[in-house]
Amino acid sequence: MKIAIVHCGELLTLRGARRPRIGAELRDLAIVRDGVVVLEDERITYAGAADGIKIPGGADVIDARGRVVMPGFVDAHTHLVFGGDRVAEFEQRIGGATYETIAAAGGGILATVAATRAATEDDLLRSARGRLQWMIRGGTTSLEIKSGYGLSLDAELKILHVIRALRQESGLRVAATFLGAHTVPPELKGQPEAYLDHVIAEMLPVVGREHLAEYADVFCERGAFDPAQSRRYLSAAHEHGFKLRAHVDQLSRSGGAELAAELGCVTADHLEQSDAAGIAALRTANVQPVLLPGSVYALGKSKYADARAMIDAGLAVVLATDFNPGSSPVPSMPFVLSLAATQMRMTPAEAITAATFNAAHSLGWGAELGSLEASKRADVVIHDCHDHRELAYYVGVEPAAVVIAGGRIVHQRTDE
Ligand SMILES: [Zn+2]
C-alpha cells in the first residue's frame, strides 16, 4: 500500500532536534511549502520538497490542494473508557455547585465509578469506540488512555482490557496507564491508606505481570490522595516496573510538582496551581508538563497553567485533552490549541509542537511519532486550511479532512 500526498501548501514536518523541544524550538515547525509526503505500508518514506521526488509507481495520489499537512495529534492524557456520563452534574455546576462539593456528596468521579462497575466490557468498548471516533475526526492518531473508574481489581482489569481491545481494533498507537489511585472507592470511604494497601498488594502486581499498562498515575489532590500517600503509591508502582505520570496541582497546590520531580515521573499533568518553585523542580528533574486547558475551561474556571513561565524555564511542554466525563468532556485537539492560544498565550506553532512532537516524547514514542520524516510511522493528517495558525484560530470546526494512521485512512470527509 503506497500513498503519495502532493501539493501540501504547508507541510509541517517538525524536523529538528531528536529530543523534546524547548524554548524557541517550540516555534519551529520546519515547514516545507509545496511539499510531498510518501507513505509505504505503515511508514513514511519521504517528507519534503516536491522538487526531485519521483512518486513511486502504483501509489494512490492524494491531492492536498495547497492545504496544511502535518503529523497526527498525540493526545497524551485521556480517560476515554468510562460508563455513563455526568450531564446532570454539569447542570448542577452551572447552578453553582463546585466540582469538589459534588465529589464530597458522592457524585463526581464516584458516580462514574458506579456506572463503570455496572457496565459490561462490551458496553465500555462500544461507548469508548464512539468517543475515539470524535478524537480521530479532530486529527488525533495516537493517545494515552487511563483506567481509574473501576477502583477494584476486577473493574480496573475490565477497563484495561477495553483499552487493549481499542488498541487492537483501531490500529492506532494507544498507551495504557493504570490510575488505580484515582480516588478512594465508596466501600473504603475515609480510608485512603487502606485502599492504597489494597492497590499496592493486589492490583499493581497483576496489572504489571499481565502487561496491561506501561504507566501508573495518581490523583494527588484534596479529597483524593495527599503527597505522602501519592509518594507511597508511585514508589510501589516504580518497583513493579511502571513508568510514572501524576495528576498534580490541579485544584490546589500541594507540592505535587516537586513530588513528581522527586520521583522521576515522566510527566506531571495539570499544574494549574504550580508556582515558580514547582516549575524549577520539574526543570531540574526533566519532567515534561502536560497541560490540560480543556478541564479549566469545562469547569468554568479561569486559572490556567502558566505555560509562558514553563516555556521560559525550558520545560518541554505538552498539551492534551484530559478527555473525561466530569471535568473535560473535550475530545478535540484543535479546540485545545485554541485554548492554549487564547488562554495561555502559546503561539499556534508552540501549541502544535506541544500537541505532537513533545507529546510523542512524553509517551516514549519520540523516535516513531510526532514529526513527518522518513522511517517514522505514517500518521499524517490533511487539515482543511491553508495556514497552520487557522487550527488555533477558528473554533468549533473540526478541520481534519483526511486522517491517516499507520498508513491507513481512518477518516475522510465525504467531500474529499
Ligand atoms: Zn486526568
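Quick notes on this structure:
- Flag if E187 is part of a helix (DSSP H, G or I) and either open to solvent by less than 10 Å² (accessible area, probe 1.4 Å) or closer than 18 Å to T78 by Cβ (or both): no
- Looking only at the range 312-340, residues that are open to solvent by 10 Å² or more (accessible area, probe 1.4 Å), farther than 22 Å from S142 by Cα and not small (G, A, S) come to 1 in all.
- Complete set of residues in the range 299-331 that are within 18 Å of the chain's Cα centre (by Cα), part of a loop (DSSP other than H, G, I, E, B) and within 16 Å of the ligand (Cβ to nearest atom): Y304, A305, A320, T321, D322, P325, G326, S327, P329, V330, P331
- Selection from the range 204-223 of residues that are under 28 Å from E100 (Cβ atoms) and of a type in the set (D, E): D217, E221
- Residue among D197, D217 that alone is surrounded by 16 or more Cβ atoms within 10 Å (Cβ to Cβ), among the charged types (D, E, K, R) and either more than 26 Å from R19 (Cα to Cα) or at pLDDT 95 or above (or both): D217
- Count of the range 141-156 residues which are more than 16 Å from the ligand (Cβ to nearest atom) and within 21 Å of P399 (Cβ to Cβ): 2
- Within the range 82-135, considering residues that are farther than 23 Å from V174 by Cα and acidic (D, E), the one surrounded by the fewest Cβ atoms within 10 Å (Cβ to Cβ): E91
Matching residues to (1) aliphatic (A, V, I, L, M); (2) in contact (Cβ under 8 Å) with a residue 40 or more places away in the chain; (3) at positive phi; (4) in contact with a helix residue (DSSP H, G or I) (Cβ under 9 Å, 6 or more places away or on another chain):
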site: V174; (1), (2), (3), (4): yes, no, no, yes
site: T183; (1), (2), (3), (4): no, yes, no, yes
site: G190; (1), (2), (3), (4): no, no, yes, no
site: V199; (1), (2), (3), (4): yes, no, no, yes
site: M203; (1), (2), (3), (4): yes, yes, no, yes
site: G208; (1), (2), (3), (4): no, no, no, yes
site: F219; (1), (2), (3), (4): no, yes, no, yes
site: R222; (1), (2), (3), (4): no, yes, no, yes
site: S230; (1), (2), (3), (4): no, yes, no, yes
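- Counting only strands (runs of 3 or more DSSP E) that sit wholly inside the range 5-78, those with at least 1 residues that are more than 16 Å from the ligand (Cβ to nearest atom) and over 18 Å from M346 (Cβ atoms) are 31-40, 43-49, 60-63, 68-71.
- Here the condition is being surrounded by 17 or more Cβ atoms within 10 Å (Cβ to Cβ), touching a helix residue (DSSP H, G or I) at 6+ places or on another chain (Cβ under 8 Å) and hydrophobic (A, V, I, L, M, F, W, C); of V410, V402, it holds for V410 alone.
- Breaking point among (1) farther than 23 Å from L271 by Cα; (2) not assigned by TED's automatic domain parsing to the domain that holds R67, for R408: (2)
- For the range 362-399, the tally of residues that are open to solvent by less than 10 Å² (accessible area, probe 1.4 Å) and among the β-branched types (V, I, T) stands at 3.
The values are calculated or read from the model by the stated rules, or taken from the named source; none is laboratory data. Worth saying up front: this structure is predicted, and the values here are computed from it rather than measured. A quick note on method: Cβ atoms are made from the backbone with ideal geometry, for glycine too, and the neighbour counts reach across all protein chains shown. Calculation scope for accessible area: heavy atoms of the full protein, side chains included, ligands and nucleic acids excluded. Shrake-Rupley method; radii C 1.70, N 1.55, O 1.52, S 1.80 Å.
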